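The next block holds one structure in the form of structure tokens; read it before the comments.
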Amino acid sequence: MDLDAEHLADSAFWAAPPEHRHRVFAALREHDPVRWYEPRVSGFSRACTGFWALTRYEDVWNASRNARVYCSGVTIDIEEMPDELGEFYPSMINLDDPEHFQLRRMVSAGFTPKEIAAIEPKLRATARRIVDDVLDRFGDGTEFDLVQELSSKLPLAAIADLMGVPADDQQLLFEWTNAVVSPDDPATGIAGAAEASRALADYALQLGAERRARPAGDLTSALMHAEIDGRRLSTEEFANFFILLASAGNETTRNAITHGVRLLTAHPDQRRAWFDDFDAVAPTAVEEIVRYETLISNMCRVLTEDVLVQGVPIAAGEKVALWYPSANRDRRAFDDPDRFDVRRPLHRQQLGYGGGGPHFCLGANLARAEMTVMFDEIRRRIPDLHVTGEPTRVLSMALNSITHVPASVR
């Protein structure tokens, strides 16, 4: 492997097959686990700045849990942020404490295990309706788009129900969030992502204003009336949180379900192992899907002081990229890491939700519940669901996203 020929922020690297990227990450972990990458202009819409790449589990884990030194307030992106998008990104994941703690404290009440358990019956009812529709239209074995007809629907409905978005507006949310997370894909571009971000922000501002005037018992209402230490969430802060929740929460879980069906298709022994003992295996199975097909590729941090990582000095003010797909395939953390194993023990913790620390994914409990409910319904009603062709992937170094993949229930 010629590591000098591979640049982790080049569009060519992300247009290559996933297997190639895993080979590059494996070589980096073994031979150059803390590597400097020069600024690069490639086929992506935005130029990347210089950064250090951390590819081993231990280093990504430690950085994730030391937010004082590895800070988020300067940037979390490898790429330069154009003015058209910058105004939509000052959400919690872009902040450091104490501002981060204050905002997270305001919004976290809706994502506790107790709150997620309370909405599980609604999630199950929604999953049943989704599968009913699939069986009604494609039960004869007709091929259909797994993403459009199944994977996208439960995460979208869950976020919409949580925030009080009417059912009639859910398709708009789906279209906007797809564009928001795809500024580097030529099909969307910066202009398309900016237009969708503005539409989503305008929608959130209107929804927040309505709930502030007339509460309706949803999370939006709770957030618009929450007060901590005498401080309320502004409508702009709510709009940025809404964009984050709608795009990240919908996109990542949709892809987790899609990848999960793909993996169970490719590994029928693992399908049997899970479906034959569903409740016992579900906690490890949903984590294994996220480990094996890590949904978020990287987050950046900027150092507040000099550090030494694997013997490599990195100076304060320099940018460090945490590569989650690489960390999740590190043999130092996981036995036989390239094997998909639905019974893989939960220790060590996979890093697909951000590696712990103050920026650990707020919606992780919701994502786990949605995946468990959806695959339980698949097991009960369409156990032979399988993909029938190759996926269409988004060109992105941020997200492991699939837009289309053919499937059949027979």
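Picking from residues in region 95-110 that are surrounded by fewer than 19 Cβ atoms within 10 Å (Cβ to Cβ) and not charged (D, E, K, R), the one that is modelled with the lowest pLDDT is ALA109.
Across region 211-230, what is the total count of residues that are more than 13 Å from VAL107 (Cα to Cα) and surrounded by fewer than 21 Cβ atoms within 10 Å (Cβ to Cβ)? Result for region 211-230: 8.
When region 315-331 is filtered for residues that are out of contact with any Asp or Glu (no Cβ under 7 Å at 6 or more places or on another chain) and either basic (Lys, Arg) or closer than 13 Å to PHE51 by Cα (or both), the ones remaining, listed by number, are GLY317, GLU318, LYS319, VAL320, ALA321, LEU322, TRP323, ARG331.
Filtered by the rule that a residue be within 19 Å of ALA282 (Cα to Cα) and either of a type in the set (Ser, Thr, Tyr) or at pLDDT below 95 (or both), region 325-364 gives HIS347, ARG348, TYR353, GLY363, ALA364.
If you check THR142 against the conditions, is it among the hydroxyl-bearing types (Ser, Thr, Tyr), outside any helix (DSSP H, G or I) and within 28 Å of LEU322 (Cα to Cα)? Working first, answer last.
Values: among the hydroxyl-bearing types (Ser, Thr, Tyr): yes; outside any helix (DSSP H, G or I): yes; within 28 Å of LEU322 (Cα to Cα): no.
So THR142 does not fit the description; no.
Scanning region 111-131 for residues that are surrounded by 13 or more Cβ atoms within 10 Å (Cβ to Cβ) and in contact (Cβ under 8 Å) with a residue 24 or more places away in the chain yields PHE111, ILE116, ILE119, GLU120, LYS122, LEU123, ARG124, THR126, ALA127, ARG128, ILE130, VAL131. Taken as a whole, the structure leaves VAL107 outside the set of residues that are more than 30 Å from ARG231 (Cβ to Cβ), of a type in the set (A, V, I, L, M, F, W, C) and in contact (Cβ under 8 Å) with a residue 24 or more places away in the chain.
Before we move on, is ALA367 touching a residue at least 24 places away in the same chain (Cβ under 8 Å), buried (at least 20 other Cβ atoms within 10 Å of the Cβ) and in a strand (DSSP E or B)? It is false that ALA367 is touching a residue at least 24 places away in the same chain (Cβ under 8 Å), buried (at least 20 other Cβ atoms within 10 Å of the Cβ) and in a strand (DSSP E or B). Checked against the criterion of being within 13 Å of the chain's Cα centre (by Cα) and β-branched (Val, Ile, Thr), the candidates THR304, THR235, THR284, THR294 yield just one match: THR294. Within the set of pairs 6 or more residues apart or between chains, which connect a residue that is farther than 18 Å from GLY50 by Cβ and in contact (Cβ under 8 Å) with a residue 60 or more places away in the chain inside region 1-30 to a residue that is in a loop (DSSP other than H, G, I, E, B) and charged (D, E, K, R) with Cβ atoms less than 6 Å apart? Hits for this filter: ARG29/ARG56; ARG29/ASP330.
The values are calculated or read from the model by the stated rules, or taken from the named source; none is laboratory data. It should be emphasised that the depicted structure is a prediction, and the values quoted were computed from it without experimental measurement. For neighbour counting, all protein chains shown are included, and Cβ atoms are generated from backbone atoms with ideal geometry for every residue, glycine included.
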